[in-house]
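Read through the structure below, which is laid out as structure tokens, and then see the notes.
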Amino acid sequence: MCKFLTCLVLACLLFSINVYAQAIEMTIDASKVGPKIDRHIFGQFAEHLGTGVYEGIWVGLDSKIPNTRGIRNDVVAALKAIKVPNVRWPGGCFADEYHWRKGIGSKRPQTLNPNWGGVIEPNTFGTHEFMDFIDQIGSEAFLSINVGSGTPQEAAEWLEYLTTDQPTDLAKERAANGHSAPYKIPFLGVGNESWDCGGNMTPDYYLSQLKVYNRFVRNFNPAQRQNDQMLKIAVGPGGDEPRFTDWTEAIMKAWKDRKWSWDMQGLSLHNYTVVDWGKKHSSTDFGEKEYAEILKKTLEMDGLIARNSAIMDKYDPEKKIALVVDEWGAWYAPQSGSDPGFLVQQNSQRDAILAALNLNIFARRADRVRIANIAQMINVLQAMILTDKEKLVLTPTYHVFKMYVPFQDATFVPVRFDAGTYTYGNITLPRIDAIAARDKSGKLWLAVTNVGPKPVAKIDLKTLGISAGSVTGETLTAPKVDSINTIDRPNTVVPKPIYAKAQNGKLVLNLEPRSVTVVTVE
Ligand code: AHR
């Protein structure tokens with residue numbers, strides 16, 4: 001009996017080793033090309049919320065923390081390295097209560113931030129500071145204008161102040177405040193979540209606002225009249241409920257029936273990864289069950305985009321309107337001891353996997369998804385950077401954004417593979433995910449995520465259209481799915497080099513468990 005059991009255990013063991021050792025065939029078809037993966041899908045979001053702006057970006061001119069005109073140098077250097085294409089600002093819900101005139105000039109009133117903890121808003125970080133910040137990091141502006149509690153005139157004047165090159169009073173005021181040349185504003189969000197925190201509007205009510213704002217809020221920058229025209233982005237759906245499907249239908253139908261006097265170029269979509277809004281998962285204290293649950297939830301992004309794209313296709317088969325996923329990411333329970341209104345959470349290897357899966361979804365849907373903004377850039381929700389006074393730490397999500405830089409404005413290349421499965425309890429997920437693309441210099445790039453938290457994944461890589469001799473790049477894994485970087489231990493989750501050479505015509509990639517890998521194929 002005992003002998004029989006030993007044999008059984010051994011057989012099971014051998015079988016499982018064999019299953020894990022079974023290579024996954026992956027073929028990159030480099031002879032085919034798809035749409036451009038717009039660099040703007042790697043955008044960021046910086047709201048006046050918690051310490052996202054104050055402390056995270058702005059420390060003020062008198063701070064001991066090294067800064068340039070009040071903006072912290074360490075944060076700028078870290079963000080430059082991930083080539084942030086655009087930053088959405090000043091909100092979020094905050095945008096619909098923001099009055100831009102309070103954030104210019106030498107007298108800045110102290111106001112309140114009722115959405116986020118009811119704290120004092122010092123208005124020391126305003127229009128010029130934001131434009132200086134994006135200039136320092138080499139990025140572009142995505143402004144959210146106040147539709148909820150502002151007026152079309154207030155928004156129109158903000159854009160005139162920012163963009164005119166004519167000697168109007170507003171342009172003179174801008175020059176007196178330190179910037180004589182007009183600013184470039186490539187993206188304009190017309191309201192935020194207007195179905196909820198942005199004013200609880202019905203689709204019809206919002207549409208009447210949208211038409212007025214889109215008619216009168218103009219960009220006057222001569223450099224943006226022909227090429228580089230500012231894209232106006234309407235509020236879109238915030239999930240899968242029927243009210244959001246109705247919303248997408250209403251906006252897209254109105255756009256199709258539009259008159260000459262208004263237009264739009266983008267429809268926003270917000271989708272956070274949350275399993276239960278009433279009882280959010282912890283960002284640190286979790287095991288494999290929560291790992292699997294969160295990743296299952298995050299993969300719903302694909303269906304959500306597909307369903308909204310299908311509605312958009314009905315009214316816009318030429319895909320003129322971009323789907324703009326301008327708030328996405330994991331939203332966990334507030335970190336213990338933090339102000340719940342500040343949305344502070346840690347960031348683990350689970351979030352690195354989650355980020356890669358979402359970026360892959362956006363890349364595969366690049367024909368419609370042309371802008372996206374992870375929420376949020378610093379110290380809030382799924383952040384790139386966590387700061388603590390004069391120190392900072394780069395999160396696992398930051399490293400994924402850095403590894404994916406070669407995909408910015410690259411051309412999608414199809415990749416075929418049998419993803420296999422990773423199962424935990426009653427949750428089954430694809431074990432492997434991958435995208436490939438060619439960058440502007442012609443280099444071929446492959447990003448592969450091994451969702452499985454245990455076995456190494458062996459990939460048999462084939463290429464059509466080119467002969468591949470080797471792969472070189474970086475892989476990001478961690479001791480555990482809940483491994484994190486902290487100020488004291490900043491290097492627990494950092495990318496490591498990876499290299500593989502073809503042998504006997506075979507290119508094999510061994511991917512660490514729970515890992516994200518980006519390589520160039522040569
Ligand atoms: O990102 C935090 C908040 O989430 C934003 O302010 C709002 O738009 C969304 O509900």
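Every number in this text was worked out from the coordinates using simple rules, so none of it is lab data. If you're wondering where the values come from, they're calculated on a predicted model, not measured in any experiment. Heads up, the Cβs are rebuilt from the backbone with ideal geometry, glycines too, and the neighbour counts pull from every protein chain shown.
Indicate the gyration tensor shape class of the stretch 415-514 (rounded, prolate or oblate), computed on the Cα atoms with a ≥ b ≥ c the square roots of the eigenvalues: a/c under 1.5 is rounded; otherwise a/b larger than b/c is prolate and the rest oblate. Oblate, because a/c is 1.5 or more while a/b does not exceed b/c.
Full extension of the chain between residue 339 and residue 132 yields a length gain of 71.6 nm, computed as 0.36 nm times the residue separation minus the alpha carbon distance. With the charge dipole of the chain set up from +1 on Lys and Arg Cβ and -1 on Asp and Glu Cβ about the Cα centre, the Cα lying farthest toward the positive end among the listed residues 306, 435, 58 is that of 435. The stretch 375-443 and the stretch 341-373 have Cα centres separated by 7 Å.
Between residue 61 and residue 223, take the C-beta separation as r, use R0 = 30 Å, and let me know the FRET efficiency to the nearest 0.05. With a Förster radius of 30 Å, E is 0.50.
Net charge in the neighbourhood of residue 493 (other residues with Cβ under 15 Å of its Cβ; Lys, Arg +1, Asp, Glu -1) is +1. The charge dipole of the stretch 261-404, taken about its Cα centre with unit charges on the Cβ of Lys, Arg, Asp and Glu (plus for the first two, minus for the last two), comes to roughly 260 debye.
Among residues other than residue 114 whose Cβ falls under 12 Å from its Cβ, what is the net charge (Lys/Arg +1, Asp/Glu -1)? Value of the local net charge: -3.
Translational diffusion of the stretch 54-209 was estimated from the Stokes-Einstein equation, with Rh taken as the Kirkwood radius over Cα pairs; at 25 °C and 0.890 mPa s the coefficient is 148 µm²/s. Normalised by residue number, the volume inside the convex hull of the Cα atoms of the chain is 165 Å³ per residue. Considering only 355, 229, 331, and ranking their Cα positions along the charge dipole of the stretch 229-371 that arises from unit charges at the beta-carbon of Lys, Arg, Asp and Glu, the one farthest toward the positive end is 229. Starting from the Cα of residue 23, step 7 Å toward the Cβ, then list every residue of the stretch 383-426 with an amide N under 20 Å from that point. Those under the cut-off are 415-421.
For the chain, a simple Cβ point-charge model (Lys and Arg +1, Asp and Glu -1, everything else neutral) yields a dipole of about 1240 debye relative to the Cα centre. Net length available on complete extension from residue 520 to residue 240 is 97.1 nm, with 0.36 nm assigned per residue and the Cα-Cα distance removed.
With a cut-off of 14 Å between beta carbons, the residues surrounding residue 316 carry a summed charge of +2, where Lys and Arg count +1 and Asp and Glu -1. With the simple model of a label 7 Å out from the Cα in the direction of the Cβ, residue 179 to residue 454 spans 5.5 nm. Converting phi to 3J(HN,Hα) with the Karplus coefficients 6.51, -1.76 and 1.60 and the offset θ = phi - 60°, the stretch 107-115 yields 9, 10, x, 8, 10, 10, 10, x, 5 Hz in sequence order, with x at every glycine or proline. Between residue 101 and residue 169, the simple spin-label model (points 7 angstrom out along Cα→Cβ) gives 1.0 nm.
When the inverse distances between all different Cα atoms of the stretch 67-146 are averaged and flipped, the Kirkwood radius reads 13.5 angstrom. Compared with the direct C-alpha span, the chain from residue 257 to residue 487 gains 77.4 nm at full extension, assuming 0.36 nm per residue. Coupling constants for the stretch 348-354 follow from the phi torsions by the Karplus curve (6.51 cos²θ - 1.76 cosθ + 1.60, θ = phi - 60°), and in residue order they are 10, 4, 4, 6, 5, 5, 4 Hz; glycine and proline get x.
Quick check on the chain: helices-only [θ] at 222 nm, where DSSP H runs of length 4 and up contribute -39,500 (n - 2.57) each and the sum goes over total residues. Nearest 500, please. My calculation for the chain gives -8500 deg cm²/dmol from helical runs alone. For each pair in 102/280; 297/402; 102/232; 289/402; 32/501, compute the distance between the two Cα atoms and list the pairs where it is over 26 Å. Listed pairs above 26 Å: 102/280; 289/402. Dividing the Cα radius of gyration of the stretch 177-272 by its Kirkwood radius returns 1.02 for Rg/Rh.
Label separation (residue 510 vs residue 285): 3.8 nm, computed from points 7 Å beyond Cα along the C-beta direction.
In this structure, the amide hydrogen of residue 273, modeled 1.01 Å from its nitrogen in the peptide plane, lies closer than 5 angstrom to those of 329, 330, 331, counting only residues at least 5 positions away or on a different chain.
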